[in-house]
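Worksheet: the structure to be examined is printed underneath.
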Amino acid sequence: MKTADFYFDLPEHLIAQSPLEERTSSRLLVLDGATGNIDHRQFLDIESLLTPNDLLVFNNTRVIPARLYGQKQTGGRVEILIERLRGDGSVLAHVRASKSPKEGSLVFITADQDSDISDFTLRVRGREGALFELEAETGTVSQMMRLYGHMPLPPYIERADTAEDRERYQTVYAEREGAVAAPTAGLHFDEALLSRLRVKGVQTAFVTLHVGAGTFQPVRVDDITNHKMHSEWIEVDQSCIEAIRACRERGGRVVAVGTTSVRSLESAAAAGLDSDRCPEVFEGDSDIFLYPGCTFRVVDAMVTNFHLPESTLIMLVSAFAGYEETMTAYAQAVRKEYRFFSYGDAMFVTHKP
């Protein structure tokens, strides 16, 4: 298939710039992959779409305030987007500047892009491809992010981040720091809804995928099979595997909340799968790319937001629910003026056999 096959016209006013006041106030488009049927609901209706036998799998990554501003020793301004935290306290980051900083040079971290006052310094240790290796010269990276860091809102949100984004661009169950973009399907769940689902008997499990900035990179090839996915760190632990096995035994569905949860579970399945469609424990990097024609081994249904035209994420949904079914659903979403992207509305999608 061609990248252009996943293009659709999206009016700019449908791109959500801010979150709704209540997390669960969003709309929910329900797409049955088996029949192609489409229903228009409210997100709170997800309670009626799930059964006590089902298992919800969430991504518990936590978004870090990964955007930092600074000044080179030469005086030039720098914008840093941390891509990955490392165990030794260093980071891999995208660095935007009029001229790239040299290895060994210093960057003085400031509160914003206009400030000249700095309490922290980073040293450029080297490069790994397009990313820069940075380490703290004074202070720690954690201190820099806590005091001067900005939430890394996606490029299609055309405003500066606010104090509200520190909480709203974060799931209520976020736990493990490391993402530079939110697993946005989870933004629709609040504590009250999760409590009601628990009372109903719906089980939950967690994976970790630290979403990288590469999730927003466009597909730059005509033939999608030639696209090389960015790599992200994933963990699917034993407790999640046991929850999937119990779900299979009781005849329930594995419902992945977000494309990141789908990619985590299917990455684990690609590494090993038993006769009951239960993956093995998995920890490490994955560059899995799911597009039409791929097989889904674990996930039966998914909750997801509406994604960018020609993105790997709309390709994943099309692989899961069917290409024609997905593009028809998107056309209806545009016509009925659903809110798109990170702070937008959601879909509940079942797998096309």
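All of the numbers you see were taken from the coordinates with simple rules; none came from a lab. What you are looking at is a predicted structure, and each value in this text was computed from that prediction instead of being measured. Don't worry about glycine lacking a Cβ; one is built from the backbone with ideal geometry, like all the others, and counts go over all protein chains shown.
Observations on the model:
- Using the rule -39500 (n - 2.57) for each DSSP H run of four or more residues, divided by the residues of the chain, the 222 nm mean residue ellipticity is -6000 deg cm²/dmol.
- Stretching R297 away from V172 to a fully extended chain increases their span by 42.2 nm, per 0.36 nm per residue minus the current alpha-carbon distance.
- Residues V299, V334, V124, V221 arranged by fewest to most Cβ contacts within 10 Å: V221, V334, V124, V299
- In degrees, nearest ten, helix 323-335 long axis to first principal axis of the chain (Cα): 70 degrees
- Computed from the Cβ-Cβ distance with R0 of 25 Å, the FRET efficiency linking T35 to D5 stands at 0.65.
- Of all aspartates and glutamates in the structure, the ones whose alpha carbon falls short of 12 Å from that of K99, not counting any fewer than 8 places away in one chain, are E79.
- The long axis of helix 312-321 is offset from the longest Cα principal axis of the chain by roughly 10 degrees.
- When P(r) over Cα pairs in 10 Å bins from 0, in percent is calculated for this entry, the matching label among (i) 5, 24, 32, 24, 11, 3, 0; (ii) 5, 20, 23, 14, 10, 11, 10, 5, 1, 0; (iii) 6, 30, 39, 21, 4, 0 is (i).
- Computed lengthening from E12 to R127, 0.36 nm per intervening residue step minus Cα-Cα distance: 37.8 nm
- Within segment 269-353, GluC sites (Glu not before Pro) in DSSP loop having at most 14 other beta-carbon neighbours inside 10 Å: E280, E337
- Stretching the chain fully between L49 and E79 yields a gain of 6.4 nm (0.36 nm per residue, less the alpha carbon separation).
- Restricting segment 140-243 to GluC sites (Glu not before Pro) that sit in a DSSP loop and have at most 12 other Cβ atoms within 10 Å of their own Cβ leaves E158, E164, E175.
- Taking the chain and dividing mean pair separation by its residue count, relative contact order in percent (alpha carbons under 8 Å, at least six apart): 25 percent
- Computed label-point distance, nm, for sites D287 and D274 using a 7 Å Cα→Cβ extension: 3.2 nm
- Spatially proximal lysines relative to K352 (Cα-Cα < 22 Å; intrachain offsets below 8 disregarded): K2
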